[in-house]
Each structure stands twice: as C-alpha cells, then as structure tokens.
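Please treat every number below as a calculation from the coordinates, not as lab data. Please read all numbers here as calculations on a predicted model, not as lab measurements. Every residue, glycine among them, receives a Cβ derived from its backbone with ideal geometry; neighbour counts consider all protein chains shown.
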Amino acid sequence: MSKLIDTEDSGRIVAKKQIWLTADKSRAVPDGHPEAAHLMAAAGHVVSHADAVRLGLVKPEPETMTNEEAQAAVASGEAEIHEEAEVEPEEKKSMIPPASLRKARKKK
C-alpha cells in the first residue's frame, strides 16, 4: 500500500497526508515534491477507488482485471482462484404482516 493512503475496514481509501498530482495529472506525488502541481486530496479526504488504481496508489482488484491480466496474476502467484460458494436462496417472505402488526378494523 502507498504511504500516501490508508484503507479503512469499510473499504474507503483515505489520504494520510496531502496528495498532489503532477502537471500532466498522470502521477500522484507527496506534498513538497518538486513535480507537485495540482492538489488532489487533503489529509483525511476520501480518494475514489478508480483514481487510486489509475494513479498506482492501490493494485486493481481481480474483478477489474482483464482475463489475460487475471491469468498472469494467478500464474505469478499474486492471485488465487477460489471456488464460488453456493448460495441458498432466501425464503420467500409473506407479504402479509403478522397479526401483532395489523391495525384493528373499526366496526361501522
């Protein structure tokens, strides 16, 4: 992981310190770097996953890789293949609320 960001348990990517972009906006650099031109995020601000991947702050997740990239990652040992778990369908819930939640009808 980059020294510029931290990933929270919720999956959000947060800037540890100011993150700047180079003049051509192709790379992220730390505060004070000679090539820093555009402020991307202040300390504590959330960085989108797409921007973090594009700028090399985090590695792309296997779902975002092409098939060839995924096969190369498995071959190099960077990724593993997991069997998909079978998911039981949820029981259909009745549309009628239980008696304790129904309103009593007024008699006319």
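A simple count of charges around Val14, restricted to other residues whose Cβ falls under 11 Å of its Cβ and scoring Lys, Arg +1 and Asp, Glu -1, yields +1. Using the Cβ of Ala28 as centre and a radius below 10 Å, the other residues enclosed give a net charge of +2, where K and R count +1 and D and E count -1. Taken over the stretch 5-76, the percentage of Cα pairs per 10 Å bin, counting from 0 up to the bin with the maximum distance, is 20, 43, 25, 12. For Val29, the residues whose modelled amide H falls within less than 5 Å of its own, excluding neighbours fewer than 5 places apart on the same chain, are Trp20, Leu21, Thr22. Under 17 Å from a point placed 7 Å out from the Cα of Lys16 along the Cα-to-Cβ direction: which residues of the stretch 30-52 have their backbone N that close? Counting backbone N atoms under 17 Å from the label point, the list is 30-33, 41-47, 52. Between the amide H of Val58 and those of Val53, distances stay under 5 Å, these residues lying 5 or more places away or on another chain, with hydrogens modeled in the peptide plane.
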